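Just so you know, all these numbers are worked out from the coordinates, no wet-lab data involved. It should be emphasised that the depicted structure is a prediction, and the values quoted were computed from it without experimental measurement. Neighbour counts run over all protein chains shown; Cβ positions are idealised from the backbone, glycine included.
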Amino acid sequence: MLANPDLAARAADVRQVAAAVLAHLAGGPAAPPPPGSFILVRREVDPADLIRLAEAGLAGAVSVGGGASSHAAIIARGLGVPMLAGADPGVLTVPAGRPAIVDGTAGHLIVDPSPAELAAVTGPAGPRRAAGPGGRAGVSAAGSAPLRTADGQEVTLLCNVASAAETRLGLAAGAAGVGLLRTEIPFVGARAWPSQDDHRRALDPVLSLLAGRSAVVRLLDFSGDKIPPFLAGRPAGLAALLSQPRALGDQLRAVLRSGRETRLAVMVPMVASVDEMALVRAALAEAAGAVGADLPELGMMVELAATASAASAFGPASDFFSIGTNDLTSQVLGLDRADPRMRPALAADPRVLALVSQVVQAAAAAGVGVSVCGDAAADPAVLPLLIGLGVRRLSVGPARLPQVAEWIAQADSSACAALAGRALQAVAPEQAHLRVS
């Protein structure tokens, strides 16, 4: 095991490339899934595999690597698929075809369960948190009327997706649209920058479902645990995309063409400077002119602590802010996203909340919209705090929509504001420390 976490993370890239080479040598695409429901067990679960298998009987996933804030875990939560991350490597020796139950909430994998244990998860009263060979629970559709808190504050609830499967799930659960379309997930194994046609093949199935609805499309975010082989060992993230004007232009033209029928907005990830927004805005204007499309709103992810602290400086440069609590919390608390202690509830730390409050206030002063698209928006401990800080636009994993809608309907915004005020004062900045259990 490599001591350096960045180098250790790259080991997953090497394994991914090796798997792709072996699949190619074997004659083409990945093997078809087994019939019926199954649990995917891998040393490193690939988010793209979860999406590919979501409508093919995937009932659960187990990964030796990663943590609760890895993108595979986020995709699994969005699909409503229970997943264990950081599992014992011994699970890789379990022969395929054995009956099993994975409980993502309790963190258990039961191999060869008893008839009673199987009945508990496959029967009509089985818990939503467990899934096994007999099937998986669905979600109930939320109402189509505007969502409001108990005291009448309107809240827009959208979903985070990377695929048509997630989009269908989110719309069926009552999402008003998509608040975050992760465009990089289909290309995490790519060997070169995706072309305009590559983007269209990935975007069309998703955006065709969103005619007349909000569709916030994030530009390629090759960072963290989503660095493709062709960027291994090289600068990644937004800097890499901005250094490739052709790649940026290809994606923007594809987004504009695929999203013509939607209420389209484009979002820039990991923004660190106003100049970066200016570069993307110029490229977006050029792409819109090239394809004869209307110019959509251009917004930015606020997920760096320095950017959140300086949010007022970005107001004139951005049409909206979307707060990414996963990376923001990770950076503020000094925890790697792959750290097993990382979880959405940590966004309730006063230091993180103070930055969220700054962004909300900066958005109000600039007259631009603000939303939260990080996983904290679906956490029962953090959601009231976000409402209390003034957030009225939330985007969550599709499978979480019914529960989040219920929590919003039960919330009183005044009580939430009082709660948020107390939370902000819970620990003085100079006394703040990481509290994990």
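Spin-label pair residue 195-residue 422: with each label point 7 Å from Cα along the Cα-Cβ axis, the two points sit 6.0 nm from one another.
What is the ratio of the Cα radius of gyration of the range 301-380 to 2.2 N^0.38 Å, where N is its residue count, to two decimals?
On the way: Rg = 12.1 Å, N = 80, 2.2 N^0.38 = 11.6 Å.
Cα Rg divided by the expected 2.2 N^0.38 Å: 1.04.
Dimensions of the range 147-427 from C-alpha coordinates, computed as largest minus smallest value along each principal axis and given longest first, are 49, 37, 37 Å.
Note that the range 263-273 has calculated 3J(HN,Hα) couplings of 8, 7, 9, 10, 10, 9, x, 6, 6, 10, 8 Hz, one per residue in order, obtained from phi through the Karplus relation 6.51 cos²θ - 1.76 cosθ + 1.60 (θ = phi - 60°); glycine and proline are x. Sorted largest first, the spans of the alpha carbon positions of the range 285-437 along the three principal axes are 53, 35, 32 Å.
When N is the residue count of the range 203-278, what does its C-alpha Rg come to as a fraction of 2.2 N^0.38 Å? Intermediate values should be presented prior to the final figure.
Working: Rg = 13.5 Å, N = 76, 2.2 N^0.38 = 11.4 Å.
Taking the Cα Rg and dividing by 2.2 N^0.38 Å, one obtains 1.19.
In percent, rounded to a whole number, the relative contact order of the range 147-427 is 22, using alpha-carbon pairs under 8 Å and six or more apart. Once the mean 1/r over all distinct Cα pairs of the range 41-119 is inverted, what Kirkwood radius in angstroms do you read off? This gives a value of 12.7 Å.
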